[in-house]
């Protein structure tokens, strides 16, 4: 299903949010996939994680960590004590 993924964090009103961007092959069905993955991540991790499905190749990176590995983690939270 996914070749690459990108996870990002953002602090919003003192509550942290995470979104995982997942590449989906063109021949894969997206029907209900984001909701299924959000549910699985919530059940496995115990926190709500948003899922954004993107086309295969959309998350291309400089180097590959291997199929199924997170290539990048973007921390978009502001420093403690500053406004987001």
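Annotations for the structure displayed:
- In segment 15-44, the residues that are over 13 Å from the mean Cα position of the chain (by Cα), closer than 29 Å to residue 78 by Cβ and outside any helix (DSSP H, G or I): 15, 16
- Of the residues making up segment 45-61, those that are touching a helix residue (DSSP H, G or I) at 6+ places or on another chain (Cβ under 7 Å), part of a loop (DSSP other than H, G, I, E, B) and surrounded by 15 or more Cβ atoms within 10 Å (Cβ to Cβ) number 1.
Rule-based calculations on the coordinates, nothing more; no lab input. Every value quoted in this text rests on a predicted model; they were computed, and no experiment measured them. Every residue, glycine among them, receives a Cβ derived from its backbone with ideal geometry; neighbour counts consider all protein chains shown.
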